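Beneath this line is the structure, given in structure tokens, with notes to follow.
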Amino acid sequence: MFNLFLTADASASGAGMLASFLPLVLVLVVFYFMLIRPQNKKSKQEAAMRSNLQIGDEIVTFGGIIGIIVSIKDDTLVIETGNERSKIRILRKAVESCLTVHEEEAAK
């Protein structure tokens, strides 16, 4: 008879542990869907935008420089800015946004 109470106690404490971890699991799931997943999606979109840059596109850098791409190498771009046609070499990672709308993007 003592063994019967012991097994009931063990199963009750196991259920209690599960109930105490359930809010933590729910918080982690909410964080994933509210913070982590959208950030990963945004990062993928930014990487796709940077890989699809073409000569002649108007871009904005993270520093606020607006220019037109005149040359593309592996991980660098040469952009032309201003009326004096100043050329600046920047990293592809420094591109914040592309202001030129491509036909593939317009079709979506």
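The table below gives the values:
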{"read-out": "Enumeration of residues in segment 26-69 that are of a type in the set (Val, Ile, Thr) and under 14 Å from residue 94 (Cβ atoms)", "value": "59, 60, 61, 65, 66, 69"}
{"read-out": "Residue match in segment 28-39 (condition: hydrophobic (A, V, I, L, M, F, W, C), more than 17 Å from the chain's Cα centre (by Cα), over 16 Å from residue 102 (Cα atoms) and open to solvent by less than 100 Å² (accessible area, probe 1.4 Å))", "value": "yes"}
{"read-out": "Within segment 44-85, strands (runs of 3 or more DSSP E) holding 2 or more residues that are surrounded by 15 or more Cβ atoms within 10 Å (Cβ to Cβ) and of a type in the set (Phe, Trp, Tyr)", "value": "none"}
{"read-out": "Scope segment 7-27; condition open to solvent by 100 Å² or more (accessible area, probe 1.4 Å) and at pLDDT below 75; matching residues", "value": "9"}
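The values are calculated or read from the model by the stated rules, or taken from the named source; none is laboratory data. Keep in mind that this is a model prediction, so the values were computed, not measured. Cβ: placed from backbone, ideal geometry, glycine included. Neighbour counts: every protein chain shown. These area figures cover heavy atoms from the full protein model, side chains too; ligands, DNA and RNA do not enter into them. Shrake-Rupley method; radii C 1.70, N 1.55, O 1.52, S 1.80 Å.
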